[in-house]
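The values are calculated or read from the model by the stated rules, or taken from the named source; none is laboratory data. Given the structure is predicted, the values throughout are model-derived calculations rather than measurements. Ideal geometry is used to build each Cβ from the backbone, glycine not excepted, and the neighbour counts take in all protein chains shown.
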Amino acid sequence: MHEREQLERLSSSVLKIRSALSQRIVGQNEVISDMLACFLAGGHCLLIGVPGLAKTMMIHSLSECLDLKFNRIQFTPDLMPSDITGSEILHEDRTTGTRELRFIQGPVFSNIVLADEINRTPPKTQAALLQAMQEGQVTSSGHTYSLPRPFWVLATQNPIEQEGTYPLPEAQQDRFMFSIEIDYPDYDDELQIVRTTTSQRRVDLAPVCSLEEMQSYRELVWNVPIAESVMSAAVSLVRATRPREPSCPDSIKPLLTWGAGPRASQYLILSAKAYAILENRPTPDLNDVRRAAYPVLRHRLVRSFHAEVDNISQNHIIEILIDAIFQ
């Protein structure tokens, strides 16, 4: 199929997805755009928001629209790696009396996996999920099992509750393409939420597009052409986050201990391409890179003690960097 036709079909599918989600989700248009861009680019998502902002409903509803298998894992302090990946059990054939070990798949064997409150479980269990994210497979007792395609992990974190949590190390956060911040709805949206959720109302969502269509859309992202100047700007932005680089602005150097690695440059380009095709544009521009900078970089910047004491956020640092690089 010609790429122009694929863009038109993708644009039509996105409109249908947004229309379907609007029956359950009020507002959050930017968050939905970020999630779709991340999915098309083949990355995983970290969702940061206080309880009660419909994160789980949003993810579950999106899986219904995409006709993908969905599993939710509630992360708790006593959760074990085998509770995620699965384990082997001893099976006895009653007719022959023979016994053998059989692998029983865990909830990670799904197209969309919601890791709810991922920072509630110890690092050993966190690592079990992150290995699956990186390699797309699970190994148990020397046997390797491939995960279904597409495989998309969306993990949630509560930013206001720190007791009894195990924050993800920076190296593990780097496995996530996007870190998306979900804020409170405005007055009109919250009024609409209360109006529609305090009366008897059932909304069933029908699949909007097939698995084959979604796979073709994801492949389309890799084929989107990009100008050398846009790619160069994205790499320059990432390199400017590293305090030891000459290109790092003097005002930023005291605020950062470590910057983003090359994976951030790759994700910036892929997500910029995804944003472009979501808006039915054949190639990304600098505005797409600016837009992608926040979800791609905010969880990859390690702030200095000075920045933390002065309460200078990653978003503010990214804003300064964008102004410096794209002036």
If you check T125, T156, T196, T139, which single one turns out to be among the polar types (S, T, N, Q), assigned to a helix (DSSP H, G or I) and under 27 Å from G261 (Cβ atoms)? T125
Please specify each residue of the range 99-122 satisfying the condition of being among the hydroxyl-bearing types (S, T, Y) and farther than 17 Å from N71 by Cβ. none
Would you point out which residue out of R72, R102 is in contact with a His (Cβ under 6 Å, 6 or more places away or on another chain) and either modelled with pLDDT under 80 or in a strand (DSSP E or B) (or both)? R102
When only residues in the range 277-300 that are of a type in the set (A, V, I, L, M) and modelled with pLDDT under 90 count, which is nearest to the chain's Cα centre (by Cα)? L278
Residue list for the range 78-107, filter: more than 26 Å from A132 (Cα to Cα) and among the basic types (K, R): R94, R99
Search the range 75-97 for residues being assigned to a loop (DSSP other than H, G, I, E, B) and over 33 Å from the mean Cα position of the chain (by Cα), and hand back the single one that is surrounded by the most Cβ atoms within 10 Å (Cβ to Cβ). D93
Selected residue [in a helix (DSSP H, G or I) and of a type in the set (G, A, S)] from A115, A132: A132
Which one is nearest to N111 (Cα to Cα) among residues in the range 125-148 that are among the hydroxyl-bearing types (S, T, Y) and surrounded by 12 or more Cβ atoms within 10 Å (Cβ to Cβ)? Y145
Pairs where the first residue, in the range 292-318, is under 15 Å from M177 (Cβ atoms) and the second is part of a strand (DSSP E or B) and of a type in the set (F, W, Y), C-beta under 6 Å, 6+ apart: P295/F178
Note on the range 126-167: residues under 25 Å from R300 (Cβ atoms) and in contact (Cβ under 8 Å) with a residue 60 or more places away in the chain are M133, P150, W152, V153, L154, A155, T156, Q157, N158, P159, I160
For the range 221-237, check the following and say yes or no: at least one residue is part of a helix (DSSP H, G or I), among the charged types (D, E, K, R), on the phi < 0 side of the Ramachandran plot and in contact (Cβ under 8 Å) with a residue 12 or more places away in the chain. no
Assuming R175 fulfils every condition listed in (1) over 18 Å from R298 (Cβ atoms); (2) modelled with pLDDT under 90 apart from one, which condition is it? (1)
Quick check, is G97 over 30 Å from I269 (Cα atoms), at pLDDT below 80 and not acidic (D, E)? yes
